[in-house]
Amino acid sequence: MAVILARQATLLACGQFLEMRAYVALTDSEWFRFLSARPELDEVNFWQPSGSSQFRALQPGEPHLFKLHAPRNFIVGGGFFAHFSLLPHRMAWEYFGEKNGAATLQEMEQRIGKYRRVESSRLEDYTIGCVMLTSPFFLDEADWIPVPADWSPNIVRGKGYDLRESPGRELWEAVLLRLRARPVAADEAAEPEPVYGDPVLMHPRLGQGSFRSVVMDTYERHCAVTGERAWPALDAAHIRPVSEGGQHRIDNGLLLRSDIHRLYDAGYVTVVPDARFLVSRRLKEDFDNGEPYYPLDGQKIWLPPRAEERPDSETLEWHADTKFRR
């Protein structure tokens, strides 16, 4: 975690203020207290109780900082913006669990109910805004940063800062001082140092929860094979499992109905680089079944419109060659 933070901070520090922004958001004190006791988390969900608006203040990789409510006018931590989605709160709990800043779903519902001024038992599947952050960091009280002089007590959600000019530049420099001072764990020290050159905005490393949400949104919340839209039946599938060298990347993901996901992981179905869905003859041989799936054999799957968000062809080929039961 310390190495990831150092790399993010270095890339943002090396002249990386051109068109770069940070966002300072008001933080629920209970959310901060709960998560600051878990400093090794790879991601957190900075959720908004109202699910009525989009979050457009940041690009992926830009810093999102946490400010406590008055009278404690300090910035106490942050993370790097990965993705925003409007999710049913139960889906947010399924994806992030305690990374939502609560010990249980019931505790999260009580907090939503408090802010929405409704009984938590009446929330049903309430939609919340989910600002997903990677590489979160939480500062010790001695390192808390006073808010910039232009911070207004009338701000109810947050404020953006341009890192090219004051006071945004000074704010981020104060954050950098604290990030650079963080200790590096022994198992991280052996990682290679970052290569310096023309700095570019680091694309955030997704955690498991953010990966699931990104895949869900990229595939417009329907199964790439069947078109199924009932979200409880949908899974974000890794083409190459993390346990076998895969990463939480959109080009290593497919949105699949849960039964097809299980068959995919077991190698009874695959997707080849030309986007055709294939069903193995072994499904019939091993289980004397498979009738619902064979009509799908050879069909093209639905792909995201943007080429960079589509499955990587080499990774698809890896699954077809390594996992598919011929």
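Read-outs: derived from the displayed coordinates by stated rules, not from any lab. These numbers come from a predicted model, not from an experiment. Here the Cβ is made from the backbone with ideal geometry for all residues, glycine too, and neighbour counts use every protein chain on show.
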*Per principal axis, descending, Cα span of the chain in whole Å*: 69, 53, 36
_What distance in nm separates the two pseudo spin-label positions at Asn73 and Asp140, each 7 Å out from Cα along the beta-carbon direction?_
2.6 nm
*Hey, can you grab everything whose amide H is under 5 Å from the amide H of Ser50? Only 5+ residues off in sequence or another chain; H modelled, so Pro and N-termini drop out.*
Gly129
*Taking amide hydrogens as modeled 1.01 Å from N in the peptide plane, which residues meet the under 5 Å criterion relative to Gly77, leaving out close sequence neighbours?*
Phe66, Leu139
*Where the centroid of each part is defined by its Cα atoms, how far is segment 220-251 from segment 40-87 in Å?*
25 Å
*Based on the alpha carbon coordinates of segment 2-189, what radius of gyration and maximum Cα-Cα distance (Dmax) apply, in Å?*
16.3, 50
_Choice from Pro204, Pro49, Pro292 with maximal GNM fluctuation in the chain (Cα, 10 Å cutoff)_ = Pro292
*asked:* Limiting things to C-alpha atoms, what are the Rg and the maximum Cα-Cα separation (Dmax) for segment 249-314, in angstroms?
replied: 12.5, 39
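List the GluC sites (Glu not before Pro) within segment 211-249 that fall in a DSSP loop (any state other than H, G, I, E or B) and whose Cβ has at most 12 other Cβ atoms within 10 Å.
When the GluC sites (Glu not before Pro) of segment 211-249 are filtered for loop state and at most 12 Cβ neighbours within 10 Å, Glu220 remain.
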*Just how large is the dipole of segment 2-189 about the Cα centre, in debye to the nearest 20, putting +1 at every Lys and Arg Cβ and -1 at every Asp and Glu Cβ?*
440 debye
*Long-range amide H contacts for Met20: which residues qualify at under 5 Å (H placed 1.01 Å from N, peptide plane, sequence gap of 5 or more or a different chain)?*
Leu163, Arg164
*Between Gly298, Gly245, Gly77, which gets the highest mean-square fluctuation from a Gaussian network model of the chain, Cα cutoff 10 Å?*
Gly245
*What are the ³J(HN,Hα) values, in whole Hz, obtained from phi via the Karplus relation 6.51 cos²θ - 1.76 cosθ + 1.60 with θ = phi - 60°, for each residue of segment 252-266 in sequence order, with x given for Gly and Pro?*
10, x, 9, 9, 10, 4, 4, 5, 5, 4, 5, 5, 5, 5, 7
*Determine the gain in length on full extension of the stretch Asp265-Ala37; use 0.36 nm per residue of separation and subtract their C-alpha separation, reporting nm with one decimal.*
78.6 nm
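Report the Stokes-Einstein translational diffusion coefficient (µm² s⁻¹, integer) for segment 208-294, Rh taken as the Kirkwood radius over Cα pairs, at 4 °C with viscosity 1.567 mPa s. Each step should come with its number before you reach the end.
Numbers: Rh = 13.4 Å.
The diffusion coefficient I find is 97 µm²/s.
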*Pairs of Lys in the chain closer than 29 Å at Cα, counting only those 8 or more apart or on different chains*: 9
*For the chain, built as a Gaussian network whose Cα springs stay under 10 Å, the top-fluctuating residue of Thr134, Thr104, Thr270*: Thr104
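Between Asp274 and Glu94, what is 0.36 nm times their sequence separation minus the Cα-Cα distance? Round to one decimal in nm. If you can, show how the numbers build up before the last one.
Values: separation 180, 0.36 × 180 = 64.80 nm, distance 3.25 nm.
Gain in length upon complete extension: 61.5 nm.
Taking the Cβ of each residue in Ile301, Ile260 as the centre, tally the other Cβ atoms inside 10 Å and list the residues starting with the fewest.
Details: Ile301 19, Ile260 26.
Sorted ascending by nearby Cβ count, the order is Ile301, Ile260.
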_Show me, for segment 239-250, the HN-Hα J-couplings you get by feeding each phi into the Karplus relation (A = 6.51, B = -1.76, C = 1.60, θ = phi - 60°), rounded to Hz, glycine and proline as x._
5, 10, x, 4, 5, 10, x, x, 10, 7, 10, 4
*Additional length obtainable on full extension of the chain from Val118 to Asn154, 0.36 nm per residue less Cα span*: 10.5 nm
*In degrees between 0 and 90, to the nearest 10, how far off the longest principal axis of the chain does helix 313-322 point, with axes built from Cα atoms?*
50 degrees
*Please give the FRET efficiency for Asp321 paired with Leu105, using the beta carbon to beta carbon distance and R0 = 51 Å, rounded to the nearest 0.05.*
0.80
